[in-house]
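The values are calculated or read from the model by the stated rules, or taken from the named source; none is laboratory data. The model shown is predicted, which means the values in this text are computed figures rather than measured ones. So basically every Cβ, Gly included, is an ideal-geometry build from the backbone, and we count neighbours across all protein chains shown. All accessible areas refer to the heavy atoms of the entire protein, side chains included, with ligands and DNA or RNA removed. Shrake-Rupley method; radii C 1.70, N 1.55, O 1.52, S 1.80 Å.
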Amino acid sequence: MVRYISLILFIGLAFWCCEDKIESLSYLAEKDYTDNIFCDNMVLQREVTVKIYGTADEGEVITVTIDGTENSTTTDSLGQWSVDMPPHTAGGPYTMQIQGNRNEIINNILYGDVWLCSGQSNMEYQLKKIINKNQYSDRLAEVKALPDVRMLIIHHVKSRERQDTIQVYTNDSTKTRWFLNGEDDYDKFSAVGYVFGTELNDLYDIPIGLISADRGSSSIESWMSSEALQADGKNDGNTYYNAMIAPIQKFPIKGVIWYQGEANAKSVAKAMAYANTFKTHIQYWRSEWQSGDFPFLFVQLAGFGRGGYIDITWPVLRESQNKALDLSNTASAVAIDLGGVGIHPWQKVGVGNRLVVAARKIVYGEDIIHSGPVYNDITINGNEAILTFDFVGNELIARAGDPEGALEIADELTGFTICGSDHIFVPAQATISGNTVIVSSPSVTEPVAVRYGWIGLPSANLYNKVDIFTKTGEPFIEALPASPFRTDAFTIEEYTGDSPD
């Protein structure tokens, strides 16, 4: 008996040591009948057909019941089963019963909007980190009290083969579950995802489900299926897609918020290739979910200043990200003013709020300006370059102060460079004239091109003025930053100097 106990303890210790954990959270990989995504406190997507699925014995009859609606099926030769439950309006809570040779009960279910929060470490960046920096403290006391926000964290797993079920984190050692807002370990969820979800819930009074599937240092390719990789001209690999995304693609979602790109900005070639790869990624996720062109809202790379290749490649990566705006139901949250010398800026509240603004327009149909100024055209008039923009809002402004704080107007406009036929860009003077920006330099008598914010961490302050309010009529966002741009199509050479530390 002692030998058996020792063996069990040894196996348990080995498992604990090898497991990739988020702090003290544990995970379970199996349930009775349903896939791990179906568990207590979950949110099901409202107003669409929801597929409930899992495994049982071959030939077993499975009956699913929720809110008076019942549907049955028989498992196939592999023991797999699924039933379609009809569309349901937002609300709850409800109890789901899965009846076969055994009985599984799932409690406290809500119907609402389910958002997938994916990307790399800046999406993974935990809420508790901004709480520890005394960020969001005033607003947190309010949104923490919202009961209809639920969170699920998918375990970090790679696989060469497509997996059938996910592994999920839990703070309960006995069963898999979604986290309730404000309970133990809720603050280990993505800070960006949490701000996004709680603000939407507070605004629309719709239950919000948030699924975190992210991993630090991950490239975009690691989130793509083998078919998508082949379509993009890349080889199949050991991917997070196979283990963290593919198993949930039968689970309906409202849309995706995406924060990734740092891992693809290591060279100009990779940063330029991202333009096509990102589009392919979005299109394949949509087709693989079979839910139409669901909203895909992404964060443009935040300001990051360490010099070296970053000043060359990060502007190119941002430009590549913006190419995805050619696709329907997409929007970008510009974050060049939310960053610093670290690759993991703590200013996640502003990022989350800008994603909220994008969702309010793209997804929920509010009549608002959801984007900062976007470059439209250039006209050369003597020694001046005159720039026009889309998304001007109420007016163009030069902003000063904290971009997450109250609106302040700066004395001068910054962030512009200009060049002549020599293609050597120099700092430029820029002034706002109505809905245009006039750019010039004493050293450039015949301008050819202009760039704005074209560096890793720009000192760039062109914004539009907008009127976006909370549901109580207070200012939510008063200005949105212009996206970095260049008016030229010059070849950008690879960086050949020393890399930053």
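Values for this structure:
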{"read-out": "Every residue from the stretch 249-280 that is under 16 Å from the mean Cα position of the chain (by Cα) and closer than 23 Å to V357 by Cα", "value": "I253, K254, G255, V256, I257, W258, Y259, Q260, G261, F278, K279"}
{"read-out": "Residue list for the stretch 381-409, restricted to those being touching a Lys or Arg at 6+ places or on another chain (Cβ under 6 Å) and aliphatic (A, V, I, L, M)", "value": "I397"}
{"read-out": "Filter result (open to solvent by 60 Å² or more (accessible area, probe 1.4 Å) and either under 14 Å from the mean Cα position of the chain (by Cα) or among the polar types (S, T, N, Q) (or both)) within the stretch 110-161", "value": "N132, N134, S137"}
{"read-out": "Residue within the stretch 242-256 that is closer than 23 Å to F38 by Cα, out of contact with any Asp or Glu (no Cβ under 9 Å at 6 or more places or on another chain) and part of a strand (DSSP E or B) present", "value": "yes"}
{"read-out": "Top-ranked residue of the stretch 183-200 - restricted to ones that are touching a residue at least 60 places away in the same chain (Cβ under 8 Å) and surrounded by fewer than 24 Cβ atoms within 10 Å (Cβ to Cβ), ranked as nearest to P475 (Cα to Cα)", "value": "D187"}
{"read-out": "The stretch 300-337, subset touching a Ser or Thr at 6+ places or on another chain (Cβ under 7 Å) and in a loop (DSSP other than H, G, I, E, B), residue least open to solvent (accessible area, probe 1.4 Å)", "value": "Q300"}
{"read-out": "Residue, farthest from the chain's Cα centre (by Cα), within the stretch 90-109, restricted to residues that are under 17 Å from T73 (Cβ atoms) and free of Cβ contacts under 8 Å to residues at least 60 places away in the same chain", "value": "N101"}
{"read-out": "Qualifying residue in the stretch 405-420 (condition: under 22 Å from R306 (Cβ atoms) and not small (G, A, S))", "value": "yes"}
{"read-out": "Per-region count, the stretch 69-89, residues under 28 Å from P207 (Cα atoms), exposed (fewer than 14 other Cβ atoms within 10 Å of the Cβ) and in contact (Cβ under 8 Å) with a residue 12 or more places away in the chain", "value": "5"}
{"read-out": "Exclusive hit being part of a loop (DSSP other than H, G, I, E, B) and surrounded by 12 or more Cβ atoms within 10 Å (Cβ to Cβ), set E404, E412", "value": "E404"}
{"read-out": "Single residue of the stretch 370-401 satisfying the filter (in contact (Cβ under 8 Å) with a residue 60 or more places away in the chain and open to solvent by 50 Å² or more (accessible area, probe 1.4 Å)) that is farthest from the chain's Cα centre (by Cα)", "value": "N383"}
{"read-out": "In the stretch 242-274, the residues that are among the basic types (K, R) and surrounded by fewer than 22 Cβ atoms within 10 Å (Cβ to Cβ)", "value": "K250, K266, K270"}
{"read-out": "Restricting the stretch 167-182 to residues that are surrounded by 20 or more Cβ atoms within 10 Å (Cβ to Cβ) and of a type in the set (V, I, T), the residue that is modelled with the lowest pLDDT", "value": "T176"}
{"read-out": "Top-ranked residue of the stretch 485-499 - restricted to ones that are out of contact with any helix residue (DSSP H, G or I) (no Cβ under 8 Å at 6 or more places or on another chain) and among the β-branched types (V, I, T), ranked as least open to solvent (accessible area, probe 1.4 Å)", "value": "T487"}
{"read-out": "Condition check for V357: touching a His at 6+ places or on another chain (Cβ under 9 Å), outside any loop (DSSP other than H, G, I, E, B) and of a type outside the set (D, E, K, R)", "value": "yes"}
{"read-out": "Total residues in the stretch 415-443, condition touching a Phe, Trp or Tyr at 6+ places or on another chain (Cβ under 7 Å) and aromatic (F, W, Y)", "value": "1"}
{"read-out": "Those residues of the stretch 34-68 which are touching a Leu at 6+ places or on another chain (Cβ under 6 Å) and surrounded by fewer than 16 Cβ atoms within 10 Å (Cβ to Cβ), in sequence order", "value": "none"}
{"read-out": "Filter result for V341 (touching a Pro at 6+ places or on another chain (Cβ under 6 Å) and either modelled with pLDDT of 95 or more or farther than 25 Å from K279 by Cβ (or both))", "value": "no"}
{"read-out": "Any hit, the stretch 349-368, residues being surrounded by fewer than 15 Cβ atoms within 10 Å (Cβ to Cβ), in contact with a strand residue (DSSP E or B) (Cβ under 9 Å, 6 or more places away or on another chain) and over 30 Å from I130 (Cα atoms)", "value": "no"}
{"read-out": "Subset of the stretch 229-241 (residues that are buried (at least 22 other Cβ atoms within 10 Å of the Cβ) and part of a helix (DSSP H, G or I))", "value": "Y240, Y241"}
